[in-house]
Amino acid sequence: DRSFAEIDGTLVKVDLSGFTRLSERLGASSVTGAEELNVVLNDVFGGLIDIAHDHGGDILQFGGDALLVWFEGDAHEHRAASAAWSQQRAIQLRRAESTPVGPVRLRMSVGAASGGFGFVTVGRSHRELIVVGEAATRTIRLEQAAPSGSIYVDDAIASRVPGRQVAPGTHRLARRPAAA
């Protein structure tokens, strides 16, 4: 019944690029373009969601070409980094999506930050969950700064992922984190 909570954890924003091109090509190609797009999206996002769940993540939002994934509890920073790496790898291993007007390659950028996040629910007949605060802003900024095919993490994650997985002098996750 509360409309606000502050919780410590890790937020991951996953954004696909190539989605707009894919939807435009499929939409213009035939009457069944929307159905074809739905099949591709179910396949792509189904795999990404399964990976998040396998690492103990919860999907907070799914919109168009992006996911917002939440991790809390033991080793949340490490599990989030490992999930992001596995998701990135899954996208990289996919072949270009076949369309009636040619192939379209999907790529992904990821931003992840840890700390205290504010969770606000708004609305009465339709309730919406909104994530707020400095750490939420960091997550979005890291994803926006990450080039396609990259995972950017904040200092809190970089300091808690064992070994040298973060490229020196950057926020780019350079190697798959060892098992948490």
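Taking the Cα atoms of segment 1-127, the ratio Rg/Rh between the radius of gyration and the Kirkwood radius comes to 1.05.
Measuring nothing but how far apart in sequence close Cα pairs (under 8 Å, 6+ apart) lie, relative to its length, the chain scores a relative contact order of 28 percent. The P(r) of segment 39-89 has a tail past 12 Å containing 61 percent of all C-alpha pairs. Could you tell me how many degrees, from 0 to 90 and to the nearest 10, lie between the Cα long axis of helix 76-93 and the main elongation axis, the longest principal axis, of the Cα atoms of the chain? The two axes meet at around 20 degrees. What relative contact order, as a whole-number percentage, does segment 20-98 give when Cα pairs under 8 Å and 6 or more residues apart are counted? Relative contact order here is 24 percent. A simple count of charges around residue 17, restricted to other residues whose Cβ falls under 10 Å of its Cβ and scoring Lys, Arg +1 and Asp, Glu -1, yields +1. Computed per residue of the chain from DSSP H runs no shorter than four, each worth -39500 (n - 2.57), the mean residue ellipticity at 222 nm is -12500 deg cm²/dmol.
No value in this document is a laboratory result; all are computed from the given coordinates. None of the values given here were measured: they were computed from a predicted structure. For neighbour counting, all protein chains shown are included, and Cβ atoms are generated from backbone atoms with ideal geometry for every residue, glycine included.
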